[in-house]
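Student: Shown below is the structure under consideration.
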Amino acid sequence: MKAIIMAGGEGTRLRPLTCNIPKPMMPILGKPTMDYAIELLRKNGIIDIGVTLQYLPDEVISHYGDGKDYGVNLRYFIEETPLGTAGSVKNAELFLDDTFIVISGDALTDIDLSEAVEYHKRKKAMATLILKEVTIPLEYGVVVTNKQGRVTGFLEKPSWSEVFSDKVNTGMYILEPEIFSCFETNEKFDFSNDLFPILLNENKPMYGFVTEDYWCDIGNIEQYRRCNLDILKGLVKVEITGNNIRKGIFIGENCEIDDSVSLIPPIYIGSNCKIYGNVNIGPFSIIGKNNIISSGSSIIRSIFFDNCYAGNNVEVKGAVICNKVQLESRVSVFEEATIGDDTLVGERAIIKPGVSIWPNKIVEASTIVKANVIWGGKFSKALFGKNGISGEVNIDITPEFVSKLGSSYGSLLKSGSKVAISCSDNGAAQMFKYSLATGLLSMGAEVYDLKRMTTSMTRQASIFFGVQGAIHVVIDKDEPQRVNILFMDKNGLNIHTTMERKIEHSFIREDFRRVKTDTIKSITHLSDCLDYYIRQIVNQLDINNIKLSKLKIVLSARNTLLISVIEKMLSEINVSVRVYDEYRNLYGLIKEVVTSGASLGIFLEDEAEEAIFIDEKGNIIKDGRFETINALVLLKSTKINSLIVPVTASAALKDVAEICGVQFARTKTSQKSILDYYFKLEKKLSKREVANTYLMSLDRVSTLMFTLNYMSISKQTLSEINSLVPKYYSKTREINCPWNLKGRVMRSMIEESTAKSVDLIEGVKLNYENSWALVIPDSDEPICRVYTESMKESETERLNREISEKILAITGLQIEE
């Protein structure tokens, strides 16, 4: 049998460690990562090995040569341009003339490959994916299998709401040569995103082999540290070079270690190292080859590459020090700091926790380095949450932070891109808005200042002004010390999680280059944005019909900008409005609507993206029923001919689609997924028309105006319109679920289901005869949300409790009512 080692990885998330070496050449306990892959294959009787290369291929070839020194035969296949995982292996098609193994050159594993191969042959599979159960599967490809082990679905690097299983793709496969017939040579093609979906759609035999052996993908610096430490802990069955002088202490050849040195296991010291007196090393420290550690120094939980120098009384705790780094006397380097190749750190300098220093830098003596030098860095959590980036004003979110955020975003846009910025009516929001502007301008972006807007207004302005993106800054009126920064794409939608990750990576690495002064543009200040917003909505209305209907409403809002815009619209269409000033007093609003004989009342939150209706009888219309009214009046007032809803939406919306005679579909909860589906179906309308209509469906001012429009056209009251659609009962419950059990919960929901059918659009949806349940793991908190719905309230409650108890049986927790 033959094998392919994929060794083309650039390792961008491992920078600055991989600035000068390819990912497979990263040292783990004194030898390159790829050594462990070669040793594993040789141990399993596989010596004919192909190696795919792309980034710095000469580094790999010069080190391994023909493989004879390692007891194997190596052949190299170099990609001139990136071809994807499957595309790179296709280059070796003539070499791979029988069943073969694909293994990663930048992961660490001790899997029993012979057992996996035997499983592959027993199943008569065309492809066998080697899987591993992990607690946090977000950075991997999640794989769903049935009870026989056959692959039934997968998703690459999901969000928590898309996690269907805790079994992940290790990037190791056993394949038959027939897979090469699915794609062409030099075609960019990926195993997970391209080949495996084809095999799944064509019902080819594709299985998952779940291993309990050790496996760790070295995708980032944290995982790199873990691999090194796991070997020292004895968790991985691999060969460690060097002499095991006593339990947990491995020393290479030709080392000079003073008798006064304290060696606290487990530690590894490579060959040709010299360690002077009164040095403290360990526990969990790894010192590579040819290093000098001078008197009085302390190295704890740290990794040194090769050819480094540490002067007298140097202190290094929990850091990674790359090749040829010089730390002069009394330097201190702290937890999760990383120092790149050929860097000189002057005496008494302090490198603070989490700081990364790129290669070839000089840190002057006595300097305290609190931020990344030129490039790089590491943050303990993602910047983005559910609704953009949030934090405490001038504590978590400072003007400097926001300016850098603007530069990070601007670095991902094409040169000369237009970006709109806006903010709520608050001085701090305005400060942050202009901080964003400085960062964007420094990257050569053209900035449009929309001034004071709501979120909904900014969304629609994004399309009107043809910008490539928009950023809206809001200060929460209920928590005035808290700021929220929301990023939008060219269609006015929240940016996709893919773009969020790109911004985070750009922000963390800071590997962007600001422009010269001759390409920095002035800010364009726009003054007519509110008028454009008003015209966009009013032009959709049957104004004459509304005027004749003599409608009147009661409005409860506290955003003065919102109130003035609504009053201006209603004045134009001759609708009487009374502003009810006891904000959030819903029962007072009900009383005002009924006693005044108003057509309806509406409560609007500050950014106009949430609202509650009160009908003329005083009934509250909110949540799912509000969305039902919203969909109905939108379809009756616009040219849109379909209704696309998120997977969490009520079945009542399907009834709305039938009433209006339009096509209905469910998709993922992200705004982008919904709009993309609309683009797919609405071929008779321009993309701009479709996007505008969808944005209006998110805007509660538009909902109000379309409701008044439909009331006047249909001659119906709001309560009569509400009665057109059958009532469904829904319930949502949040269940505490540790991060490390979420994948197992989702897998169990699928494997133990008794439902008529299961949908994996997002989360796991279980469809029963007259009801449904949906389980979605939260992306920011250790909880799962359980949604249930039926036409009977008791059935909704019963089903919700049943699903919740299944989850709790796995987590060992109790329901919190």
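Student: Inside the range 341-371, can you point out the residues that are part of a loop (DSSP other than H, G, I, E, B), open to solvent by 30 Å² or more (accessible area, probe 1.4 Å) and farther than 15 Å from VAL314 by Cα?
Tutor: ASP342, PRO353, ASN360, LYS361, GLU364, LYS370, ALA371
Student: OK, next. Could you grab the pairs with beta carbons closer than 6 Å, sequence gap of 6+ or different chains, first residue in the range 267-294 and farther than 14 Å from ILE251 by Cα, second one open to solvent by 10 Å² or more (accessible area, probe 1.4 Å) and acidic (Asp, Glu)?
Tutor: Once the first residue is farther than 14 Å from ILE251 by Cα and sits in the range 267-294, its partners that are open to solvent by 10 Å² or more (accessible area, probe 1.4 Å) and acidic (Asp, Glu) give TYR276/ASP258; GLY277/ASP258.
Student: Would you please list the contacts, defined by Cβ atoms under 6 Å and residues six or more apart or on different chains, that run from a residue in the range 65-94 that is over 30 Å from ILE198 (Cα atoms) to a residue that is of a type in the set (Gly, Ala, Ser)?
Tutor: ASN73/GLY67; LEU74/GLY67
Student: Return the residues of the range 318-335 that are under 35 Å from the mean Cα position of the chain (by Cα), buried (at least 20 other Cβ atoms within 10 Å of the Cβ) and free of Cβ contacts under 8 Å to residues at least 60 places away in the same chain; say none if nothing qualifies.
Tutor: Selection gives ALA319, ILE321, VAL325, SER332, VAL333.
Condition check ((1) modelled with pLDDT of 95 or more; (2) among the β-branched types (Val, Ile, Thr)) across all residues:
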{"position": "VAL473", "(1), (2)": "yes, yes"}
{"position": "ILE495", "(1), (2)": "no, yes"}
{"position": "SER527", "(1), (2)": "no, no"}
{"position": "VAL565", "(1), (2)": "yes, yes"}
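Student: Is one or more of the residues making up the range 561-574 touching an Asp or Glu at 6+ places or on another chain (Cβ under 6 Å), of a type outside the set (Asp, Glu), closer than 29 Å to SER714 by Cβ and touching a residue at least 24 places away in the same chain (Cβ under 8 Å)?
Tutor: No, there is no match, as no residue in the range 561-574 is touching an Asp or Glu at 6+ places or on another chain (Cβ under 6 Å), of a type outside the set (Asp, Glu), closer than 29 Å to SER714 by Cβ and touching a residue at least 24 places away in the same chain (Cβ under 8 Å).
Student: Which of (1) open to solvent by 20 Å² or more (accessible area, probe 1.4 Å); (2) in a strand (DSSP E or B) is the odd one out, the single condition TYR587 does not satisfy?
Tutor: Here TYR587 meets the rest and fails (2).
Student: Ok, one more. Can you name the strands (runs of 3 or more DSSP E) wholly within the range 694-809 that have at least 2 residues being open to solvent by less than 30 Å² (accessible area, probe 1.4 Å)?
Tutor: 729-736, 764-767, 771-777, 783-790
Student: A further question follows. As an exercise: evaluate LYS386 against (1) farther than 30 Å from ASP478 by Cβ; (2) within 28 Å of the chain's Cα centre (by Cα) and give the number of the one condition it does not meet.
Tutor: Just one mismatch for LYS386, condition (1).
Student: If a residue must be open to solvent by 50 Å² or more (accessible area, probe 1.4 Å) and in contact with a Ser or Thr (Cβ under 9 Å, 6 or more places away or on another chain), how many such residues does the range 545-573 contain?
Tutor: 4
Student: Does GLY87 fit the bill of being exposed (fewer than 14 other Cβ atoms within 10 Å of the Cβ) and small (Gly, Ala, Ser)?
Tutor: no
Student: State whether the residues of the range 764-773 include one that is in contact with a helix residue (DSSP H, G or I) (Cβ under 6 Å, 6 or more places away or on another chain) and without any contact (Cβ under 8 Å) to a residue 60 or more places away in the chain.
Tutor: Yes.
Student: Of all residues in the range 282-304 being of a type in the set (Val, Ile, Thr) and open to solvent by less than 40 Å² (accessible area, probe 1.4 Å), which is farthest from ASN228 (Cα to Cα)? Don't jump to the end; show me each part of the working.
Tutor: Let us first name the residues in the range 282-304 that are of a type in the set (Val, Ile, Thr), namely 286-287, 292-293, 299-300, 303.
If we keep only those that are open to solvent by less than 40 Å² (accessible area, probe 1.4 Å) as well, we get 286-287, 293, 299-300, 303.
Numbers: ILE286: 8, ILE287: 11, ILE293: 20, ILE299: 15, ILE300: 14, ILE303: 9 Å.
My answer is ILE293.
Student: From the list ASN491, ASN574, exactly one residue is part of a loop (DSSP other than H, G, I, E, B) and within 37 Å of the chain's Cα centre (by Cα). Which is it?
Tutor: Testing whether each residue is part of a loop (DSSP other than H, G, I, E, B) and within 37 Å of the chain's Cα centre (by Cα) leaves just ASN491.
Student: Pick out, from the range 180-285, the strands (runs of 3 or more DSSP E) lying fully within it that include 3 or more residues that are under 28 Å from the mean Cα position of the chain (by Cα) and modelled with pLDDT of 90 or more.
Tutor: The qualifying strands (runs of 3 or more DSSP E) are 206-211.
Student: If you don't mind, there's one more thing I want to ask. State all residues of the range 608-620 that are modelled with pLDDT of 95 or more and either surrounded by 22 or more Cβ atoms within 10 Å (Cβ to Cβ) or on the phi > 0 side of the Ramachandran plot (or both); if no residue qualifies, say none.
Tutor: PHE613, ILE614, ASP615, GLY618
Student: Which of the residues spanning the range 616-638 are β-branched (Val, Ile, Thr) and either free of Cβ contacts under 8 Å to residues at least 40 places away in the same chain or part of a helix (DSSP H, G or I) (or both)?
Tutor: Matches in the range 616-638: ILE620, THR628, ILE629, VAL633.
Student: On the given criteria, is LYS247 basic (Lys, Arg) and in contact (Cβ under 8 Å) with a residue 60 or more places away in the chain?
Tutor: Spelling it out, it is not the case that LYS247 is basic (Lys, Arg) and in contact (Cβ under 8 Å) with a residue 60 or more places away in the chain.
Student: Read through the list (1) outside any loop (DSSP other than H, G, I, E, B); (2) of a type outside the set (Lys, Arg); (3) under 18 Å from THR438 (Cα atoms), then give the number of the only condition that SER522 fails.
Tutor: It is condition (1) that SER522 fails.
Student: So PHE664 ticks every box in (1) open to solvent by 60 Å² or more (accessible area, probe 1.4 Å); (2) part of a strand (DSSP E or B) but one. Which box is left unticked?
Tutor: (1)
Student: Quick one: what pairs do we get from the range 658-686, first residue within 20 Å of HIS496 (Cβ to Cβ), second assigned to a helix (DSSP H, G or I) and open to solvent by 40 Å² or more (accessible area, probe 1.4 Å), C-beta under 7 Å, 6+ apart or different chains?
Tutor: Close Cβ pairs satisfying both conditions: ALA665/TYR677; THR667/TYR677; PHE679/LYS687.
Student: So, one more: In this structure, does ARG42 turn out to be among the basic types (Lys, Arg) and under 33 Å from the mean Cα position of the chain (by Cα)?
Tutor: No.
The values are calculated or read from the model by the stated rules, or taken from the named source; none is laboratory data. As the structure is a prediction and not an experimental result, all values here were calculated from the model. Quick reminder, even Gly has a Cβ in these numbers, built from the backbone with ideal geometry, and neighbours come from all protein chains shown. For the accessible areas, the whole protein counts, side chains as well, though only heavy atoms, and no ligand, DNA or RNA atoms are used. Shrake-Rupley method; radii C 1.70, N 1.55, O 1.52, S 1.80 Å.
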